[in-house]
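Right, I'll just put the structure down here and ask away after.
The values are calculated or read from the model by the stated rules, or taken from the named source; none is laboratory data. Given the structure is predicted, the values throughout are model-derived calculations rather than measurements. Cβ placement follows ideal geometry from the backbone for every residue including glycine, while neighbour counts extend to all protein chains displayed.
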Amino acid sequence: MAWYVCELARRLKKGGVDVYVLTYAPSEERVDVDEGVVVKRVKPPVSVTTNIVVWSLLFTTRLQAVAANLIHSLGSVDVVDAHEWITVDAALALKDRFEIPFVYTIHSLEKHRSASSATPLNIAIESVEGLGCREADCIVVKSEWMKHEVTSKVGDVSGKIRVVEPYTERWLEGVLEAYRSVSKDGSKSSYADLGIPT
Amino acid sequence: MALKAVMLTWEFPPRIVGGISPHVYNLSTNLVKLGVEVHVVTCDFPNTPEYEVVEGVEVHRFDSYNLPTPDFAAWIQLMNLNMQRAAARIIKSMKGGPIIVHAHDWLSAKAGIGLKHLNGLPLVSTIHATEYGRRGGIFSDYNRMIHEIEVWLGSESKRVICCSRFMAEQVQKVLGVPYEKIRVIPNGIDPSIFMNLGGVEDVRSRFADKNERLVLFVGRLVVEKGVHVLLDAIPKVLQKVDAKFVIAGDGYMKSEVVKRVAESGVASKVHVTGYLDTDTIRRLFLAADVCVIPSLYEPFGIVALEAMAAGCPVVASDTGGLSEIIEHEKTGVKVYPNNPDSLAWGILRVLESKDLVEYLKRNMREKVEREYRWDNIAQTTKSVYEEALN
């Protein structure tokens with residue numbers, strides 16, 4: 001997923017899209033610029049959690065905060081592309097608050113990663129995957145097979161799934177089409193609508 | 001424009017898990033009387049509506065189990081995801097501020113912090129207890145996770161409300177919250193809940209004969225509440241006074257308590273009742289000769305306040321918030337924590353001195369009326385909101 005997002009972000013930037021990647025910082029928070037892509041590395045608010053679900057949901061709260069600051073400084077953002085269930089919570093919060101369309105890119109499903117396992121954590125992750133699929137404005141998968149897997153797992157969301165094969169000539173255009181299919185003229189990104197001075 | 005408060009709590013009546021539920025109920029209903037527009041965002045509960053107005057408080061219940069998992073820690077954070085979404089919709093529907101987000105305990109930290117950043121709103125938190133205090137330290141990854149969430153909540157909050165000076169010190173030292181951000185506001189009590197309650201004699205006769213004194217313990221049966229200290233003190237009291245002991249409450253120590261009582265040789269003098277409904281508990285406060293609070297850790301000690309409001313003399317450990325509520329031999333009797341001899345002494349001190357009991361009753365009623373009225377507590381809380389907005 002790291003290389004996928006890295007390569008996609010570079011291609012989008014070359015294609016004229018301003019791209020901001022918000023991702024995990026293993027140590028201190030910092031901002032890098034990689035071939036024109038702004039990469040904000042965000043530190044989780046706690047150092048210890050008992051499982052990955054708790055970790056992701058605390059991490060995404062911090063992601064939300066950094067994203068909100070970015071959106072306020074930019075004025076508006078056209079689309080949020082959330083990669084995997086781990087970032088669904090942040091994308092949803094941004095959609096709820098700023099009305100920014102949310103694209104959910106699914107790289108794999110929990111049922112594939114943990115086949116025939118039904119621990120409390122598998123159940124939790126599957127429920128977040130389901131939430132992401134229901135709430136996303138568009139879902140991007142890499143193959144027809146994965147499209148079938150998603151619909152068989154979470155119900156009929158096939159109408160908003162786009163199959164975009166990565167690392168091909170059509171990759172960039174396919175992702176841009178997904179973004180364009182959901183983007184509006186800009187998001188409500190000001191505190192002003194709450195009557196709060198900025 | 002009216003001040004608006006969005007209160008985040010995982011429990012609100014009729015969902016009652018612990019002390020946060022009645023606290024938020026009393027605080028929110030009294031804030032409304034002061035002109036604050038209060039929205040409580042809380043978990044759903046069987047046979048309760050998704051939205052209702054309770055004494056002026058707008059209560060919004062969200063589906064807290066639509067992202068199921070049997071893992072409690074994960075469920076708490078998934079519940080927060082839903083809580084934040086529900087609160088975000090409410091905030092969005094508000095036309096203009098000023099708006100305060102008020103989070104109760106680490107259980108709603110994620111939602112509170114998320115709403116703060118997304119909406120640019122001031123966050124006030126009430127830290128009812130700390131993981132460090134509940135466990136007597138941080139011993140596992142699970143403890144540390146909750147502890148770090150509490151640290152995070154403290155650092156993100158514009159103001160942190162604690163229920164006692166003891167808690168304020170702990171929040172400062174253990175969570176690292178600057179003292180300037182901390183405000184001490186006690187829990188409250190409404191003494192009128194004990195007025196005109198019939199059936200007190202019936203409840204008394206259920207548990208004790210006429211010639212027996214009635215000693216009451218109300219609390220969760222967990223180590224921090226010190227019920228084991230009471231079990232050790234009971235035979236010492238019975239050597240001098242004929243009494244019945246009622247141990248009311250539930251908890252992971254219940255089977256151990258029942259076993260120890262059965263093996264103690266005084267089983268006929270002790271009732272381990274398990275959970276009792278609120279009305280029965282209130283009648284017990286009115287019926288009992290003394291209420292015993294042998295806690296090892298107590299951020300506040302709401303049971304002491306309830307007993308005092310009912311006119312039931314209190315014998316309590318000299319620890320935590322109890323130390324602040326009870327003035328020794330003026331509004332109650334303090335004993336050494338985790339010391340059965342001292343606890344037995346305190347119980348006998350009350351049971352054997354009618355003059356002291358009359359003196360305590362006068363003073364404790366006056367103190368409750370003076371310091372623990374919910375309208376005063378709501379007024380102070382409103383002032384904290386105004387500070388946070390400025």
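Among the candidates A:Asp89, A:Asp81, which residue alone is closer than 23 Å to A:Ser181 by Cα, under 12 Å from the mean Cα position of the chain (by Cα) and within 14 Å of another protein chain (Cβ to nearest Cβ)?
Details: A:Asp81 fails: within 14 Å of another protein chain (Cβ to nearest Cβ).
So the residue among A:Asp89, A:Asp81 that is closer than 23 Å to A:Ser181 by Cα, under 12 Å from the mean Cα position of the chain (by Cα) and within 14 Å of another protein chain (Cβ to nearest Cβ) is A:Asp89.
Looking at B:Gly311, B:Gly321, B:Gly346, which is the one that is on the phi > 0 side of the Ramachandran plot and either assigned by TED's automatic domain parsing to the domain that holds B:Val24 or of a type outside the set (Lys, Arg) (or both)?
Exactly one of B:Gly311, B:Gly321, B:Gly346 is on the phi > 0 side of the Ramachandran plot and either assigned by TED's automatic domain parsing to the domain that holds B:Val24 or of a type outside the set (Lys, Arg) (or both), namely B:Gly311.
Going through segment B:219-253 one residue at a time, which ones are under 17 Å from B:Ser295 (Cβ atoms) and either without any contact (Cβ under 8 Å) to a residue 24 or more places away in the chain or of a type in the set (D, E, K, R) (or both)?
Once the filter is applied, which keeps residues that are under 17 Å from B:Ser295 (Cβ atoms) and either without any contact (Cβ under 8 Å) to a residue 24 or more places away in the chain or of a type in the set (D, E, K, R) (or both), segment B:219-253 yields B:Arg220, B:Glu224, B:Lys225, B:Asp232, B:Asp250.
Moving on to the next point. At pLDDT 95 or above and outside any helix (DSSP H, G or I) - does that describe any residue in segment B:340-351?
So far as segment B:340-351 goes, no, none of its residues is at pLDDT 95 or above and outside any helix (DSSP H, G or I).
Here are the criteria: (1) at the interface with chain B (Cβ under 8 Å from one of its Cβ atoms); (2) modelled with pLDDT of 95 or more; (3) surrounded by fewer than 22 Cβ atoms within 10 Å (Cβ to Cβ). Tell me which single one A:Asn51 does not satisfy.
The number of the failed condition is (2).
Right, here's the next one. Can you confirm whether B:Ile99 is in contact with a strand residue (DSSP E or B) (Cβ under 8 Å, 6 or more places away or on another chain) and either more than 8 Å from chain A (Cβ to nearest Cβ) or surrounded by fewer than 24 Cβ atoms within 10 Å (Cβ to Cβ) (or both)?
So B:Ile99 does not fit the description; no.
While we're looking at this one, here's another question. Which numbered condition in (1) free of Cβ contacts under 8 Å to residues at least 40 places away in the same chain; (2) within 14 Å of chain B (Cβ to nearest Cβ) is the only one that A:Tyr104 fails?
(2)
Of a type outside the set (Phe, Trp, Tyr), closer than 27 Å to B:Asn187 by Cα and out of contact with any helix residue (DSSP H, G or I) (no Cβ under 8 Å at 6 or more places or on another chain): which single residue out of B:Arg61, B:Arg15 fits that description?
Going through B:Arg61, B:Arg15 in turn, the sole match is B:Arg61.
Looking at the structure I just gave you, is B:Tyr51 touching a His at 6+ places or on another chain (Cβ under 6 Å), exposed (fewer than 15 other Cβ atoms within 10 Å of the Cβ), in the same structural domain as B:Val101 (by TED's automatic domain parsing) and not basic (Lys, Arg)?
yes
Out of all the residues in segment B:255-266, is one or more outside any strand (DSSP E or B), over 27 Å from B:Met364 (Cα atoms) and under 23 Å from the mean Cα position of the chain (by Cα)? Let's see the steps before the verdict.
Kept after step one, since they are outside any strand (DSSP E or B), are these residues of segment B:255-266: B:255-266.
Keeping just the survivors that are over 27 Å from B:Met364 (Cα atoms) gives B:255-266.
This time we only want the ones that are under 23 Å from the mean Cα position of the chain (by Cα), so: B:257.
Among the residues of segment B:255-266, at least one is outside any strand (DSSP E or B), over 27 Å from B:Met364 (Cα atoms) and under 23 Å from the mean Cα position of the chain (by Cα), which makes the answer yes.
Right, B:Leu175: within 14 Å of another protein chain (Cβ to nearest Cβ) and of a type outside the set (Lys, Arg) or not?
Criteria met by B:Leu175.
How many residues are free of Cβ contacts under 8 Å to residues at least 40 places away in the same chain and within 7 Å of another protein chain (Cβ to nearest Cβ) if we restrict to segment B:60-79?
Qualifying residue count for the region: 8.
To continue, here is another question. Restricting to segment A:19-43, count the residues that are part of a loop (DSSP other than H, G, I, E, B), farther than 26 Å from A:Trp55 by Cα and out of contact with any Asp or Glu (no Cβ under 9 Å at 6 or more places or on another chain).
Count: 1.
If we keep just the residues of segment B:361-390 that are without any contact (Cβ under 8 Å) to a residue 40 or more places away in the chain and in a helix (DSSP H, G or I), which is nearest to B:Ser157 (Cα to Cα)?
At the first step, the residues of segment B:361-390 found to be without any contact (Cβ under 8 Å) to a residue 40 or more places away in the chain are B:362-363, B:366, B:370, B:383, B:390.
Imposing the further condition that a residue be in a helix (DSSP H, G or I) reduces the set to B:362-363, B:366, B:370, B:383.
Details: B:Arg362: 40, B:Asn363: 37, B:Glu366: 34, B:Arg370: 29, B:Ser383: 16 Å.
Here the residue is B:Ser383.
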